[in-house]
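For reference, the structure discussed in these notes is given below.
Bear in mind that the values in this text are calculations on the coordinates, not laboratory data. Fair warning: this is a prediction, and the values are worked out from it, not measured in the lab. Here the Cβ positions follow ideal geometry from the backbone for every residue, glycine too, while neighbour counts run over all protein chains shown.
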Amino acid sequence: MPFGPATERTGIILAGGPSPAADWQWRPGISMLGQAERILARAGVERVIVSGTESVDPSGIPDLQPGCGPLGGLASVLQKREDIVGHCLLIIPADMPAINPRALTRLAEIAEYHGRGARFDLGPLPLALMYTRQLPEHVDAALRDSGSIEGLALRLEVPILASLPDDGLDNPANPEELDDIRQRLDDARAELTS
């Protein structure tokens, strides 16, 4: 059954791992984690939960299952935050600094309409999921089976949306790739204003 448009949306930033990119600088004075928070705010999300180590965000939820990747981070949030059952979860990694907030809104709208979730064709993240009472069971099963967000999305049969050129789904593997993304965005902005 579809959730209504009044479904509350909660952002989850996956910022764990042995060498979190959340510590990288997006712009002077803005960390990648800070940029992820800004993206979610621009998408209209008022509540944001950070999953990862306390060194990244002291108010965040530590990985309760270290070494289990993004799915383990999501599992940690679901174990600690039952107060968000019924919400549409917008799950983004801390290292996708160019996500277009409109792309997240599209994901959430499709997830709410179908009552399950939604993802893009380029990969499993970002991901929108409806937090039903059964979601933790699906996450636990995916941890046992595939251990991946991709496996969870397949298990839930979430709709796959075609990505658009301006969705900003770049995921830099190192600071050099981050510089390339930043330069492309700056060039696109300069072109728009000229």
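Dipole size of the range 35-98 about its Cα centre, with +1 on Lys/Arg Cβ and -1 on Asp/Glu Cβ: approximately 160 debye, rounded to the nearest 20.
Charge dipole (Cα centre; +1 on Lys/Arg Cβ, -1 on Asp/Glu Cβ; no other charges) of the range 9-193 amounts to roughly 540 debye.
Under a Cβ-Cβ cut-off of 15 Å, what is the net charge of the residues other than residue 84 that fall near it, where Lys and Arg count +1 and Asp and Glu count -1? Charge balance in the 15 Å sphere: 0. Projecting the Cα positions of 76, 10, 86 onto the charge dipole of the chain (unit charges on Cβ atoms of Lys, Arg, Asp and Glu, taken about the Cα centre) puts 86 furthest along the positive direction. Using only the Cα atoms of the range 60-129, each taken as one equal point scatterer with no solvent, compute I(q) by the Debye sum, divide by I(0), and report log10 of the ratio at q = 0.19, 0.21, 0.24 Å⁻¹. Those come out to -0.83, -0.99, -1.17, one per q.
At the listed q of 0.10, 0.16 Å⁻¹, the Debye profile of the range 105-194, built from one uniform point per Cα, gives log10 I(q)/I(0) equal to -0.36, -0.75. Which of 21, 117, 65 sits farthest toward the positive end of the charge dipole of the chain, with +1 on the Cβ of Lys and Arg and -1 on the Cβ of Asp and Glu? Of 21, 117, 65, it is 117.
Length gain on complete extension for the stretch residue 146 to residue 186, per 0.36 nm per residue less the alpha carbon to alpha carbon distance? The span from residue 146 to residue 186 would gain 10.6 nm if fully extended. Evaluating kT/(6 pi eta Rh) at 37 °C and 0.692 mPa s, with the Kirkwood radius of the range 91-141 over Cα pairs in the Stokes-Einstein relation, gives 282 µm² s⁻¹.
Taking the Cβ of residue 192 as the centre, find all other residues whose Cβ is under 12 Å away and add up their charges (Lys, Arg: +1; Asp, Glu: -1).
Net charge around residue 192: -3.
For the chain, adding -39500 (n - 2.57) for each run of n ≥ 4 DSSP H residues and dividing by the number of residues yields -12000 deg cm²/dmol at 222 nm. Expressed per residue, the C-alpha convex hull volume of the chain stands at 117 Å³. Arranged from fewest to most other beta-carbon atoms within 10 Å of their beta carbon, 113, 131 become 113, 131.
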